[in-house]
Every structure is written in structure tokens, then in C-alpha cells.
Amino acid sequence: MGVSMKSNKLLLIIFLLLNSFLVSQEYTLIKNGNLLTVANGKMLATDLLIKDGKIYKIGKNLSSPAGTKIIDASDYFVMPGIIDAHSHMAIEDGVNEATNPITSEVKIEDAIEHDDISLYRALAGGVTTIHTMHGSANVIGGQCETLKLRYGKNPAELIFQNAPRTIKFALGENPIRVHGRGNNIHPRSRMGIEQIIRQAFLDAKQYKKEWEDFKNNQTLIQPKKDLRLEALVDVLDGEMIIHCHAYRSDEIIMLLNVLKEFDIKKVIFQHVLEGYKVAKELAEFGAYASSFADWWSYKFEVYYAIAHNPAILTNYGVITSINSDSPNLVRYLNLEAAKSMRYGNLNEDEALRLITINPAIQLGIDKSVGSLEVGKDADIAIFNRHPLSSFSRCEMTLIDGKIYFDRKNDPNDMRLNVNPNLPVGFDSFSNTLNDFFYNFCMDEFD
């Protein structure tokens, strides 16, 4: 009798624990959508089952446990969440610590504006991840941050866990204008920019050696801690990836040569609008490119940009993405990618890669996001039409399986704070006006 009661108690405990485990699991089933997987082509009228924030199953007529949240995606297109490799959103006020040509010690992680309304508006365009960056005033700027757009969460919850560390470099006109011409601080020329980068790496190598000598008891004097040089040591050691603002082909080649000199292998050129001129050299180095779809001639050093640039880079084997560099254009990255089909004849999958898996590879997060595959994070955008169509509209955006944007059910005004710099009532009037014109256009063309 005693043994039987003990057995029953044990079974009850096991049952309760198992039941608790099952209840804690969260399931969402996206039914009957046209899946644009990026990894395995298009899957029409296919289900996608999410379990605890991860893609659990992909297939036809999937079953799911009781209590599963059902999203009917019939006739809709389901794609991986869009990734923007070049953003300045979620940064309070200015993005440049323009007090010195080298400010590698500053970190965007320390100043994330988690309630920036631009994040929600980006979600409305199907964007789930951004790489928010220091500006281009400094030759060597601050450390950047990869964020998931968990709008409304605290700053720490926006940070993309285990994403590689990144840092912003800048070549050309911007640092010359800010420092040499603006404040008579070195550099004043493109030659000066090269010298600053080379000297910074030489100083970092020396700093690293001094600490190694101290730790190995080859010297008794402890070196002075220098956060600026420590960051550059991490670049030399391959622990921090360079994202470099660059336009002209000559300056791109210059930086490639400097990086070879210091055996630095990881670099993503941002903008890289003359990349088509040096696509072979970029491919041979293994450099990546994150470009605009069709921006040009807004200043002299981009005078020779062409809209075929992303396609040419892609055809040379350079892993290329299309970015926004804008809190407005970020909402239309799907259409920016579509331009590469017009200018360069990329196919549908190649165009989608420019805003999904390619930027994921560039940011070192492709094991988690960038395609619809079992085991990856359920970061998903659902469009009413094919996202490469100019008539498409994002209807719902999920991050880790949770809905962060829902066009049908979200309140009209999703701001978490009101801009104190605008006149009273301006925001609400502006939103009302935008809603009116948007609804009018949709009624006309839907």
C-alpha cells in the first residue's frame, strides 16, 4: 500500500511537471501562406509552425497543439524579417562623437533610444533587425549595435544577443569636412585619412605588446589602460568587424591595402557606390558591400554612382546588401531591393537576398535570422502581395514569434512618447493626414 501511494505521488509530480512544461510552451501557426524562404525557394500554400520563438516546422497541413495561436496567411506572402545593415535609428540626438578623428571607445549600446517611433514605423515595413551605427564624421568612429526591433521593450532587450561586435570607419569627404576643413584638425585630405588609420593600428599593436609583456612578466610597469586602443586591438584580433563608409573606388582600394598590411580580414564597405569599378578586388579580398539601390549625385564623390551597382557586385560574388541609412526609407527596403531586378536583371531570389540573408551574413547573425528555416528565430514579415511588388503592403511583423506590428489591430497612434520639439497637436494632425492619404491610396489601388 505504501509503495503504491509513493508511486502515485511520483506519477502526480511527473504529470504536474510535464503539464507545466507543456503550458509554458508557446505555439503560433501561420497557415497557408506563400513562403518566400530565401533558403529553399518559394513554397506556395504552406504552413509554418513556431514554437517558443523559433521556426519549428514548415510543411503542408501542419497540426498544432490545443491553444496554438493561428494566423491565416491565405493568399499572403510570408518572408524572413527584413534586415537593414546601415541605420541610425534608436540613437538619441546626434550620432557623431565628432571631438576627435578617432573615437573607437564610445558605444551605441550605452545610448539606445528604445522608444524611437522610427522603430515601429520600420516594423510596418517588415523590418525586424537593424544595425544602428555611429555616423561618418570620424575616420574611426564608435562601436555600433545590432538590434531587434522589439519596440517598447527596454534598451537591453533590443540588443541582438551574441551578434558580433562592429565599429564604424569613414573615408572621404565627411571626416575631411568635419575635422580638417571645419576645425583645422588632422585629417585635411584623403592621404591624411590613410595615415590616421595606419598610425592607429600601429599604436594598437604597440599597446597590445605592452600588455602582453606585462602579463608575461617581461616588464614590471603596468601600461595605462586606454579604451580607445583596446577597441582597435579587438579589430586587429578579428573580434570586431569594420563597417566602413566609403564611396570612391580609389579610397576603397586604399583601405583594402591597409587592412592587408595588418592582416585584417573582416570589412563591410557601406555605400560603396563606386564598388562596381573594383568589384573584382572586393571579391578577391572577401570584403562585403552594403549599398543604396539608386542614390547618386547628392554630392561630388558619389557623382559616378550607378543603379546597377548592387547587381554588378552580386555577379562578381561579393555578398551585397541594400540598406536604407534612413528612418523613412527603411520602410520600403523591399521595393529598394526590387530595383535590382530592373537595374541589373537580378532574379527574385537574388533580390530578396539583398535585404535578408546577405545583411545577416554581413552582421554575423545568419545562423539565427535571414531565411525561413527550421531552428531559426521566428522573425517574419507577412505581406498582402509579393514584397517585390510596388503594390505590396506589410500586414504583420513578428519577432521571436511575437507580433510587434499588426496593421489591422494596432491602434492608429503607436507612439510611446510625444516629440516635445513640435508644436502642440502637430503630431496627431500629421498622423491623421498621413492616414487619410494612405487609406485613400489603398482604396484606389487595392
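The values are calculated or read from the model by the stated rules, or taken from the named source; none is laboratory data. All values reported here derive from a predicted model rather than from experimental measurement. Note that each Cβ is placed from the backbone with ideal geometry, even for glycine, and that neighbours are counted across all protein chains shown.
Data table
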read-out: Strands (runs of 3 or more DSSP E) enclosed by the range 205-305 - at least 1 residues per element that are assigned by TED's automatic domain parsing to the domain that holds Met191, farther than 19 Å from Ile102 by Cβ and modelled with pLDDT under 95; value: none
read-out: Where a residue in the range 154-167 is more than 16 Å from Ala360 (Cβ to Cβ) and assigned by TED's automatic domain parsing to the domain that holds Pro359 and its partner, wherever it lies, is β-branched (Val, Ile, Thr) and in a loop (DSSP other than H, G, I, E, B), with Cβ under 8 Å and at least six apart; value: none
read-out: Considering residues of the range 157-188 that are modelled with pLDDT of 95 or more and among the hydrophobic types (A, V, I, L, M, F, W, C) only, the residue farthest from Val369 (Cα to Cα); value: Leu171
read-out: Residues being of a type outside the set (Val, Ile, Thr) and under 36 Å from the mean Cα position of the chain (by Cα) - total across the range 211-238; value: 15
read-out: Residues located in the range 52-67, provided they are under 20 Å from Leu398 (Cβ atoms) and either among the polar types (S, T, N, Q) or surrounded by 18 or more Cβ atoms within 10 Å (Cβ to Cβ) (or both); value: Ile55, Tyr56, Ile58, Ser64
read-out: Strands (runs of 3 or more DSSP E) contained in the range 70-153 and holding at least 1 residues assigned by TED's automatic domain parsing to the domain that holds Gly182 and of a type in the set (S, T, N, Q); value: 82-87, 127-132, 140-143, 145-148
read-out: Condition met for Ile193 (under 26 Å from the mean Cα position of the chain (by Cα) and in the same structural domain as Glu281 (by TED's automatic domain parsing)); value: no
read-out: Selection status of Leu313, touching a Leu at 6+ places or on another chain (Cβ under 8 Å), within 18 Å of Thr166 (Cα to Cα) and either part of a helix (DSSP H, G or I) or not basic (Lys, Arg) (or both); value: no
read-out: Positions within the range 154-174 being part of a strand (DSSP E or B) and of a type in the set (Phe, Trp, Tyr), in sequence order; value: Phe169
read-out: Ser290 being loosely packed, with under 14 Cβ neighbours inside 10 Å and hydroxyl-bearing (Ser, Thr, Tyr); value: no
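Each row is one residue, and each column tells you yes or no for (1) within 30 Å of Lys266 (Cβ to Cβ); (2) at pLDDT 95 or above.
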{"site": "Val330", "(1), (2)": "yes, yes"}
{"site": "Ala338", "(1), (2)": "yes, yes"}
{"site": "Asn347", "(1), (2)": "yes, yes"}
{"site": "Pro359", "(1), (2)": "yes, yes"}
{"site": "Gln362", "(1), (2)": "yes, yes"}
{"site": "Phe391", "(1), (2)": "no, yes"}
{"site": "Tyr404", "(1), (2)": "no, yes"}
{"site": "Asn419", "(1), (2)": "no, no"}
{"site": "Phe429", "(1), (2)": "no, no"}
